[in-house]
Amino acid sequence: DVPRQGIIARYRDWLPVPPGAEPLTLGEGDTPLIRADRLLQELPPDRRPPAVFLKFEGANPTGSFKDRGMTIALTCARARGARAVICASTGNTAAAAAAYAARAGMDCWLVLPAGGVAAGKVGQAVACGARILPVRGSFDDALAAVRQVVAERPELVLVNSLNPDRLEGQKTAAFEVADQLAALGLDEPAAVFLPVGNGGNITAYHMGFSAYAAAGRLRRMPRLYGVQAEGAAPLVRGQPVDRPQTVASAIRIGRPVYGERALAAVRETGGRVLAVRDDEILAAQRLLARREGVFAEPASAASVAGLLKLAQGDEPGWEVPKGPVVCVLTGHGLKDVDTALRAARAGQGGPAPADLAALEAEALEPDA
Ligand code: F0G
């Protein structure tokens, strides 16, 4: 087996890829499952699971989990003779669509909430030759516009997670979590924390773990915990949010398409949905980077913020798990360096004089 030939090569029997269709791949999947012992130490001793792992989806070719869905969506679209794809996006879907479309020789149209997408993601999409259409409003408005477009222009293939091929690809991350823990000789995952925007990815994990359970590869389903940002938490509030606000732009979504399915996934597995504040998200991002050396984008850090919140508080919905806990880090920190720099207040004092005394005073002092 040649490693890292992509999820279709690895899991084809589990995927709805037409026989004979040539995989369109960038070598996605097979991302690291990183043991996070220093993060574990942040949890109260009596409420610690046996181990915490980070499923680092930032290690995918375009830097997010979206590549898993896009390899399937574009492989199937190409097999059907499609020439162009379109999606609405908070950025990562856009970057992945642009890359896989470029590779397929297809046109790519991206409808983005103006001013609402991190620069790294727009930069990726532009570099890959996608056409960017900024619209006023939120991601939800952009998606509504795209749905109108595809109703009128059936030649454009929709590659949002409404496209069922996308979730099929994304479910392979759940396979990997189970396979990686088994390969390490560890227990099955007891709980999995995921950031939730549209609810597609947590639905995909539920599909993946369910498929493995049905095939006898898992004895029990892990509890699924969906984490939203407080200013964009329609599933926690039980109603849509018209003007979603959060520093975690990837999950700034007020009307999740897969809301019902996400809630069902959480309910069925004995997990829950919870909301975390922006300052908790940024603190978790910083903790991950400083304690574990893992730089994840703010939306991804929401999963860790959710774990910390549940394990530290006396919230309902947390029992000390008897197996490993996995936090899914959905996207790379390099996608959005502006937010990390702002959070660290970098450069605020201006450059220091170029001498030893100034450097020692300003820069060489380790902080907490
Ligand atoms: N984390 C990151 C980094 C994301 O980009 C997204 C979604 C999510 C989590 C949430 O996943 O929507 O399936 O619940 N990003 C989409 C996009 C909306 O356009 O890139 P979800």
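Would it be correct to say that Asp140 is more than 17 Å from the chain's Cα centre (by Cα) and within 16 Å of the ligand (Cβ to nearest atom)?
Yes.
Quick one: in the stretch 249-264, which of the residues that are more than 19 Å from Leu329 (Cβ to Cβ) and among the hydrophobic types (A, V, I, L, M, F, W, C) is farthest from the ligand (Cβ to nearest atom)?
Looking at the filtered set, the residue picked out is Ala264.
Here are the criteria: (1) at pLDDT 95 or above; (2) over 21 Å from the mean Cα position of the chain (by Cα); (3) surrounded by fewer than 24 Cβ atoms within 10 Å (Cβ to Cβ). Tell me which single one Cys108 does not satisfy.
All conditions are met except number (3).
Show the residue pairs meeting these rules: Cβ distance below 6 Å; 6+ apart or different chains; first residue within the stretch 173-191 and touching a residue at least 24 places away in the same chain (Cβ under 8 Å); second residue among the β-branched types (Val, Ile, Thr) and in a helix (DSSP H, G or I).
Pro189/Val177
Which one of the conditions (1) modelled with pLDDT under 95; (2) more than 14 Å from the ligand (Cβ to nearest atom); (3) closer than 20 Å to Pro61 by Cα does Asp187 fail to meet, given that it meets all the rest?
(3)
Mind checking which residues of the stretch 282-303 are assigned to a helix (DSSP H, G or I), of a type in the set (A, V, I, L, M) and either within 12 Å of the ligand (Cβ to nearest atom) or touching a Lys or Arg at 6+ places or on another chain (Cβ under 6 Å) (or both)?
Ala299, Ala301, Ala302
Run Trp318 past the list (1) surrounded by fewer than 20 Cβ atoms within 10 Å (Cβ to Cβ); (2) modelled with pLDDT under 95; (3) of a type outside the set (Ser, Thr, Tyr) and report the number of the one that doesn't hold.
(1) is the only condition that Trp318 fails.
Which of the numbered conditions does Asn198 fail, given that it passes all the others? Conditions: (1) touching a residue at least 12 places away in the same chain (Cβ under 8 Å); (2) among the polar types (S, T, N, Q); (3) not assigned by TED's automatic domain parsing to the domain that holds Glu230.
All conditions pass for Asn198, except number (3).
Yes or no: Ser161 touching a helix residue (DSSP H, G or I) at 6+ places or on another chain (Cβ under 8 Å) and in contact (Cβ under 8 Å) with a residue 40 or more places away in the chain?
Here the answer is yes, as Ser161 does meet what is asked.
Do you know which residues across the stretch 198-247 are closer than 18 Å to Glu297 by Cβ, within 14 Å of the ligand (Cβ to nearest atom) and not small (Gly, Ala, Ser)?
Passing the criteria: Asn198, Asn201, Ile202, Val227, Gln228, Pro244, Thr246, Val247.
Within the stretch 119-128, does at least one residue satisfy the condition of being crowded, with 19+ Cβ neighbours inside 10 Å, of a type in the set (A, V, I, L, M, F, W, C), more than 26 Å from Ser210 (Cβ to Cβ) and within 13 Å of the ligand (Cβ to nearest atom)?
So far as the stretch 119-128 goes, yes, one or more of its residues are crowded, with 19+ Cβ neighbours inside 10 Å, of a type in the set (A, V, I, L, M, F, W, C), more than 26 Å from Ser210 (Cβ to Cβ) and within 13 Å of the ligand (Cβ to nearest atom).
State all residues of the stretch 310-342 that are in contact with a Lys or Arg (Cβ under 6 Å, 6 or more places away or on another chain), within 16 Å of the ligand (Cβ to nearest atom) and in a helix (DSSP H, G or I); if no residue qualifies, say none.
Within the stretch 310-342, just Lys335 meets the criteria.
Could you list all residues from the stretch 58-78 that are assigned to a loop (DSSP other than H, G, I, E, B) and within 13 Å of the ligand (Cβ to nearest atom)?
Scanning the stretch 58-78 gives Asn60, Thr62, Gly63, Phe65.
The values are calculated or read from the model by the stated rules, or taken from the named source; none is laboratory data. Treat the numbers as computed from the prediction; the structure is a model and nothing was measured. Backbone-built Cβ (ideal geometry, glycine too); neighbour counts: all protein chains shown.
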